[in-house]
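S.K.: One structure follows; several queries about it will come next.
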Amino acid sequence: MWIRPYFRSRDQSKMIMKQKRAQEEIVGFVAIVLLVVIALVIFLGISLYKNKTSSTTESTDLYDFLSSITEYTTDCAITYEPAYLKLGELIQECSSGSSICVSGKKPCDVSLQTLSVLINSSFLISQEASTKGYEFKAIDSNNKESLSLTKGNCTGSITSSEVLLPGFPGTISVSLKLCS
């Protein structure tokens, strides 16, 4: 039995070299495509991040602030003197517009005065500070604005939050925007 040694001919060697060259070109093409895709993803991420920082962002700290000031006890009593209303209840009374405090003041006036004191004592608002202004609004379910309080300039990035209070009928949206 005779074993024939395996020898490649020149044509076979040329074909193998062409196949290797083609494989190298495909690998190079795939590498270039991957680099382009990675660059596009990075560019997209940067552009989305820039757009996000310049728009309105929700804040859990502002939500907590709004929730706690609605529980703040005011100096307005509707029925008798020691039964002072919380600020959230006073905003509801202001929205309904049917009652007056025992002291003779309107619930909306007492609400605005109390809100002004609470917000101005909680946030440093000036053109030199990081917070340039604020905008507080209370809007009922009929889109009627019962309370509005603004201070400073509201341009640039805005941090905001909203709390819903029960109202008759529907709800009252209480929102605060801080402008940087």
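Values in this text are rule-based calculations from the coordinates and carry no lab data. Quick caveat: nothing in here was measured; it's all calculated off a predicted structure. Neighbour counts run over all protein chains shown; Cβ positions are idealised from the backbone, glycine included.
S.K.: Which one of C154, I100, I78 is farthest out on the positive end of the charge dipole of region 57-179, using unit charges on Cβ (Lys, Arg +1; Asp, Glu -1) and the Cα centre as origin?
M.R.: Working it through, the farthest residue towards the positive pole turns out to be C154.
S.K.: Let me ask something else about it. Normalised by the residues of region 73-169, what does the relative contact order come to in percent, with Cα pairs under 8 Å and at least six apart? All intermediate terms of the calculation are to be shown ahead of the outcome.
M.R.: Details: 125 pairs, mean separation 21.6, N = 97.
Result for region 73-169 is 22 percent.
S.K.: For region 31-127, take every pair of Cα atoms, bin their distances at 10 Å starting from 0, and report each bin as a whole percent.
M.R.: Reading the bins upward from 0: 14, 29, 19, 13, 10, 9, 5, 2.
S.K.: Based on Cα positions only, what radius of gyration and what Dmax would you give for region 96-180, in angstroms?
M.R.: 14.2, 42
S.K.: So how far, in whole Å, is the C-alpha centre of region 24-38 from the one of region 66-117?
M.R.: Between the Cα centre of region 24-38 and that of region 66-117, the gap is 68 Å.
S.K.: Okay, moving on. With only alpha-carbon atoms in the gyration tensor, what are the semi-axes of the equivalent ellipsoid for the chain, in Å, largest first?
M.R.: Details: eigenvalues 1043, 66, 31 Å².
Value: 72, 18, 12 Å, ordered largest first.
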